[in-house]
Each structure stands twice: as C-alpha cells, then as structure tokens.
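J.: Sending over a structure as structure tokens; questions will come in a sec.
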Amino acid sequence: MDDDRTPDDPKTPRDFASLRALIVSRRALLPKRLVQVAEFAVDHPQEIAFGRVADIASQAGVQPSTLVRFAQTLGYSGFTDLQAVFQAHARQRWPDYRQRLEMLGDTDGGDQAGPASPVSRLHGFVHAAQISVQHLEQTIDHGALDQAVALLAGARIVYLVGMRRVYPVALYLLYALQRLGIRCELLDNAGGLGARQVELLEAGDVMLSITFTPYAPETLEISSAASRRGVRIVGITDSPFSPLTPLSEIWLEVAETDHAGFRSLSATFALATTLAVSIAERRGVT
C-alpha cells in the first residue's frame, strides 16, 4: 500500500467507488478519531457531499480540523478536495436526493397541528420504500451478488440468521426457499440455544446472516460461532464497517431509508426474493 502519497497525487481517487474502497482498506490503520470520520463518510455520503464542515464534524462527533486531517491522510489537499468526489457522485447518481427527502418531511403535515393523517403517512412510507429500492438497484455489487448466489446454491443446507427487525426477512427466506425445494433451516436462538444450533452445522453448509445497525448481538454471536467452525457466511448488512462484514466470505450492502423514525425493509425483501429465486434457478429447480 502506498502510504507516502502527497496531496494532489494522481493516484488519489477521483471517483467515489475507488475512494470508498480506499477508506475501507485504510480503516485498520487510522487513529480512533479518523475511524469515526471514515465510518460516517461511508454511511452518510450525502451529508459529506453537501454538508457544511462544522455540521459534518458535529454529526461525526469530531472537530472540524479532524475532517481536514482525514482528507490529507487519504492524499487530498484538504477537505474541500475530498468533498468534491462525494459531490460528483451524488449529482451523478442521486440528482434529486435531498429534494426527495424533503418531500418525505412535507408529508407529515407541515406546520399543521396534530399528527399526520394516515394518507400522508402512507405517502411518506411509500416514498421511503421507493428510495430504498432504487438505491439498492443502483449500488448493488453485481459481482458480490453473483458470488453469493453461487455459494448459497452450492450449499448442502442454507442456514438463516436474522433477529429483531430483520426476523421477518429471515422467516420469508425460510418460506421461499423451502417452497422452491431448497434445504434450509432457521437459526432463531430459541431458548438461547443459538450456540447449540450452530453445532449442528456440517461441512458444506452455508449461513446467510442479516443484521443492520444497531446490529443484533444474537446474530453476531451465532455468526461468529459459525465462522470459528469454518462455516462459510454470506452477510446482508448496511455498511462495510458492520461487525458482520469481517465474518462474511461475501457480503451485500443494503441501506434502507427511514421515514418518521421507521426504516423500510423494502429493499431487503427485494434482495431476499432475488436470492431465493436465483438460488433455485442456479440449482435448476423447476
């Protein structure tokens, strides 16, 4: 790794994909405060693109000078130089992103007294779901998706793990895969027996684990136990800094938009359906 790059080095990434890969690869080498900025930058690219330095620093929990140091550590002349990469990416992929988020706020009834009407709530949740699904479609790693399907299709048994908010997704996958003739089991940690359930896994089994921030500890514990047993894991999570990513041989990123404090699962269900159908097709199930 070239750690001697200087500001304006031609090797400094000028596209978001390369910049994001650089941030992720450097994470383990960064001091604590710069790790905070790295995680915030990857998880909130729109805020980095269009926010003011003081506001971004406040949201990331650091001093404004830390943002400058972070940019220079990556080889940029300053934070504005780094921010330009985020801005170019945002304008290219999401030209009306902020306006659409503002539309979500508008559905809450504006300055009117009292709670929003059910119709306006529905409008807001539908828009949040649309944004989530469109974002997944535009950002999914095609290579990782194909590798995940191949790995799961070749499994002796697919074991599913998803707790708390994403439990319905794991349960749906259990239903869909079984209906498609794919052997699968749900590790639900019933009775706190998750670790015992992992002991049933054998060579050739693959685990599909799903968890989003704040990351269900039960999912991480079961996934970690499976990883120690040499089980191959496909992860579905919301950030390269998720504690599930280092446990996963392959991981797929899903970022769900929230409305009124509630996050959609629309994109996650779309991905789950894609995996179930693609696994069956890869196996030649009719």
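J.: Note down all Cβ pairs under 7 Å where the first residue falls in the range 38-56 and is part of a helix (DSSP H, G or I), the second is of a type in the set (Asp, Glu), and they're at least six residues apart or on different chains.
T.: Within 7 Å, the pairs are ILE56/GLU47.
J.: Of everything in the range 121-145, what is of a type in the set (A, V, I, L, M) and not in a helix (DSSP H, G or I)? Give them in sequence order.
T.: Hit for the range 121-145 is ILE140, nothing else.
J.: Could you run through the range 189-204 and say how many residues are crowded, with 19+ Cβ neighbours inside 10 Å and at pLDDT 80 or above?
T.: Adding up the residues that qualify gives 2.
J.: Quick test for you: out of GLY114, GLY110, GLY154, GLY162, pick the one residue that is at pLDDT 90 or above, of a type outside the set (A, V, I, L, M) and surrounded by fewer than 19 Cβ atoms within 10 Å (Cβ to Cβ).
T.: None of the others qualify; the one that does is GLY154.
J.: Next up: Please determine whether any residue of the range 175-188 is among the aromatic types (Phe, Trp, Tyr), closer than 16 Å to THR219 by Cα and either out of contact with any His (no Cβ under 9 Å at 6 or more places or on another chain) or surrounded by fewer than 17 Cβ atoms within 10 Å (Cβ to Cβ) (or both).
T.: No: the range 175-188 contains no residue that is among the aromatic types (Phe, Trp, Tyr), closer than 16 Å to THR219 by Cα and either out of contact with any His (no Cβ under 9 Å at 6 or more places or on another chain) or surrounded by fewer than 17 Cβ atoms within 10 Å (Cβ to Cβ) (or both).
J.: Restricting attention to the range 75-95, does a residue exist that is closer than 17 Å to PRO240 by Cβ, at pLDDT below 85 and among the charged types (D, E, K, R)?
T.: Checking the range 75-95: not a single residue is closer than 17 Å to PRO240 by Cβ, at pLDDT below 85 and among the charged types (D, E, K, R).
The values are calculated or read from the model by the stated rules, or taken from the named source; none is laboratory data. Just so it is clear, the model here is predicted, and its values are computed rather than measured. We place every Cβ from the backbone using ideal geometry, glycine too, and count neighbours over all the protein chains shown.
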